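Below is one structure; the comments refer to it alone.
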Amino acid sequence: MKLVYFAWLREHIGIDEEQVDLPATIDTVGDLLIWQKGRGDGYAIAFSEPETVRVALDQFHAEQDDPVDRVEEIAFFPPMTGG
Amino acid sequence: MSVTLQPDDFDISSELDALIGGRTSVGAAVTFTGLVRDMVKDQRISAMTLEHYPAMAQAELERIEAEAHAKWPDLTDSRIIHRFGTLEPGDRIVLVITLSSHRQVAFEAAEFIMDFLKTRAPFWKKESLADGQSDWVKASLKDDEALDRWKEQ
């Protein structure tokens, strides 16, 4: 599974994308956010306030209880500020 | 109906003419242009860098445009251009054009597209200040509130 990061999440983690095998215990977007927080210093900062992180599953906005199985690309980013 | 993401500037007049394409049924064209401001509170901005998620930004803006057309069947056509990369104060960031036979649909659809673009299109602004500092722009609560009026309808 491919994980991609944008804006200050990308800066804190230090990479813009990575390939990972998710633990079998992760079912939802909410589970994934908790797991991310425990993956190291940069992740701990990036995911310290998970409610401020937006998630997209295969380029569609997702909610906390959406399932993450059968997804190819998961994106993590702050609230959007375009326009 | 089309969406273009590009680093380069756009010409409003030629985009408008191209979208109308000589269709004389069009009685109203609304164009909205977003620009880079030079001040944030009391701080002078020297540059603004727009980061985006290319695949999703394109797809999300196309979905927003399709929603506008579903909501206003009399929306004749629309066009969205959003720039990315480093811009300076006064530069154009975004263009939305809506066409209809009458003005009300064109005005409403343009506002709808901008309200959803601001909160759902994956773009992030980083401001560089004149004193050398730079920081990510925080999302505005007003932008979220702007969406609520469309839910009531």
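None of the figures in this text is laboratory data; all of them are computed from the coordinates on show. These numbers come from a predicted model, not from an experiment. Neighbour counts are summed over all protein chains in view; Cβ atoms, including those assigned to glycine, are modelled from backbone coordinates with ideal geometry.
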* Of the residues that make up the range B:10-18, is at least one in contact (Cβ under 8 Å) with a residue 24 or more places away in the chain and in contact with a helix residue (DSSP H, G or I) (Cβ under 9 Å, 6 or more places away or on another chain)? -> no
* Asked: So, of the residues in the range A:56-83 that are of a type in the set (A, V, I, L, M, F, W, C), away from every other protein chain (no Cβ under 11 Å) and in contact with a helix residue (DSSP H, G or I) (Cβ under 6 Å, 6 or more places away or on another chain), which turns out to be nearest to A:Gln19 (Cα to Cα)?
  -> A:Val68
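Just the residues that are closer than 17 Å to B:Thr98 by Cα and assigned to a strand (DSSP E or B), please, taken from the range B:1-48.
Of everything in the range B:1-48, those that are closer than 17 Å to B:Thr98 by Cα and assigned to a strand (DSSP E or B) turn out to be B:Ser2, B:Val3, B:Thr4, B:Ala28, B:Ala29, B:Val30, B:Thr31, B:Phe32, B:Thr33, B:Gly34.
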* To do: Mind counting the residues in the range A:31-69 that are buried (at least 16 other Cβ atoms within 10 Å of the Cβ) and of a type in the set (Asp, Glu)?
  => 2
* Find all pairs meeting these conditions: Cβ atoms under 8 angstrom apart; at least six residues apart or on different chains; first residue within the range B:127-140 and at the interface with chain A (Cβ under 9 Å from one of its Cβ atoms) and under 19 Å from B:Leu117 (Cα atoms); second residue aliphatic (A, V, I, L, M) and assigned to a loop (DSSP other than H, G, I, E, B). => B:Ala139/A:Met80
* Structure fact -> Quick count over the range B:98-125, residues being assigned to a strand (DSSP E or B) and more than 17 Å from the chain's Cα centre (by Cα), is 1
